[in-house]
Structure formats: C-alpha cells, structure tokens
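The values are calculated or read from the model by the stated rules, or taken from the named source; none is laboratory data. Since the model is a prediction, treat every value here as computed from it, not as a measurement. All Cβ positions, glycine included, derive from the backbone under ideal geometry; neighbour counts span all protein chains shown. For accessibility, only protein heavy atoms count, side chains too; no ligands or nucleic acids. Shrake-Rupley method; radii C 1.70, N 1.55, O 1.52, S 1.80 Å.
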Amino acid sequence: IIKNTTGQLYLVNQSSNIVLQTNNTIFKNAANNEDIAKFNADGSVDLYYNNTVRLQTSGIGVTVTGETKTTTLNVTGITTTNNLNVTGTATIASIGSTIGISSNFYFGDDKRIYFGQGEDFSVYHDGTHSYINESGVGSLKILTTGLDVRNTADNKRMALFTANGSVSLYHNNFKKIE
C-alpha cells in the first residue's frame, strides 16, 4: 500500500518484507542537493550528516568521521583513532592485548597510570612533584646494565650506577663520592 496523507508518503506492507532491487540506492533531500544515505552494491553503505559522510562501511569494518559518543563501546580487532578522549574507565579486556601508541598520552594532575590487579603500582604527577608509587607486597626493582641519574636539562649528572662496578654520587656535576 502506498498512501499520501498530510504531506507524508507511506509505504506499508504488514504481511511480508519490502524488497527494493537495484545496484545502488541513494537517498537525497527534497531539494536534491544533499546526500542523506547511499547503499552501493558490493561496496559501502554511506550515512551523511549535512552532506558529509559520517559513517561508512568497508570490506574490513566501519569508518566513523567526526566524534563518536557512546556509553559502551566494545571493539574486537583493530581500532585506529586520531583523537581518543575517555571519560571514566577504559579497559583492555583480554590478556595479551596490545596497544600501539604513535604519539603521546596526556594525563592531568593527580591522574595516575595503574599497574597490577590491586592498583599497587602507579605513576603520576600532582602538579608539583612526580611520583613512582609501589605499594604491593614485593619490592620495586629497577633492572638495568647501568643507571645514569641526570637533571632535566640532561647536562649534569647526579648519580651513576654501573653494573658490577662503582656507584658514584655527584654535586653540581662533580663526583663527590665513589
């Protein structure tokens, strides 16, 4: 049944499916100057907002252009983003998952990176000082072939620890104790 009432066009079939058979289907606005949606045979499905593709399927998944807001996002496989903002908690759910970072992580003051099941190891900055906090049952171990502690400009040594060798303490870049 096709009916037109009060400016609305209705296509009604209450007993079975409606099948539209075509190679490509394009929905446009009434002025015929903006795309709303495109369904391409053996290709993508494109959804538009203000004549800009915002969601597009492909042979490997879906691409979202713009901002995505969701209360829950479950991802299987690979996710690539240019800007990921998380409010709340982001969890990598399976053991052995890998996160590749090609840029930087930024954390506000007093925001911590936690390690361990009981959050017994953290790294953070409180706005004034930076902390490495280990509060678990074991010890904090630094495993290295040598440790060179330097100032932030990297032009003055404060301490030098050499594997199977000496320990040297410095003041104003001059060795004071070995």
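Whether a residue is loosely packed, with under 10 Cβ neighbours inside 10 Å and within 33 Å of the chain's Cα centre (by Cα) was assessed, and ILE18 does not pass this test. When you scan the range 81-91, do you find a residue that is of a type outside the set (Lys, Arg) and either touching a residue at least 40 places away in the same chain (Cβ under 8 Å) or farther than 30 Å from TYR49 by Cα (or both), even just one? Yes, the range 81-91 contains at least one residue that is of a type outside the set (Lys, Arg) and either touching a residue at least 40 places away in the same chain (Cβ under 8 Å) or farther than 30 Å from TYR49 by Cα (or both).
Suppose we filter the range 147-164 for residues that are farther than 23 Å from PHE115 by Cβ, of a type outside the set (Phe, Trp, Tyr) and surrounded by 10 or more Cβ atoms within 10 Å (Cβ to Cβ); how many remain?
The number of residues fulfilling the criteria is 9.
As a summary of the residue check, ASP109 satisfies the conditions (1) in a loop (DSSP other than H, G, I, E, B); (2) at pLDDT below 90 except for the one numbered (2). Here is the figure for the range 46-64: residues that are modelled with pLDDT of 90 or more and of a type in the set (Val, Ile, Thr) total 3. Taking the numbered list (1) within 32 Å of the chain's Cα centre (by Cα); (2) modelled with pLDDT under 90; (3) open to solvent by less than 70 Å² (accessible area, probe 1.4 Å) in turn, GLY43 passes all entries but (2). In the range 134-157, the qualifying residues are those that are in contact with an Asp or Glu (Cβ under 9 Å, 6 or more places away or on another chain) and outside any loop (DSSP other than H, G, I, E, B), and the one that is nearest to PHE105 (Cα to Cα) is GLU134. Within the range 95-138, the residues that satisfy the criterion of being loosely packed, with under 11 Cβ neighbours inside 10 Å and among the polar types (S, T, N, Q) are SER97, THR98, SER102, SER103, ASN104, GLN117, THR128, SER130. Cβ-Cβ distances below 8 Å connect the following pairs, each with a first residue in the range 11-29 that is within 27 Å of ASN50 (Cα to Cα), a second residue that is among the β-branched types (Val, Ile, Thr), and a separation of six or more residues or different chains: LEU11/ILE1; LEU11/ILE2; LEU11/ILE18; PHE27/ILE36; LYS28/ILE36; ASN29/ILE36. Filtered by the rule that a residue be part of a loop (DSSP other than H, G, I, E, B), within 20 Å of THR87 (Cβ to Cβ) and in contact with an Asp or Glu (Cβ under 9 Å, 6 or more places away or on another chain), the range 112-129 gives a lone residue, ARG112. Highlighted here are the strands (runs of 3 or more DSSP E) found entirely within the range 1-69 that include at least 2 residues which are of a type in the set (Val, Ile, Thr) and within 30 Å of VAL86 (Cβ to Cβ): 52-58, 61-64.
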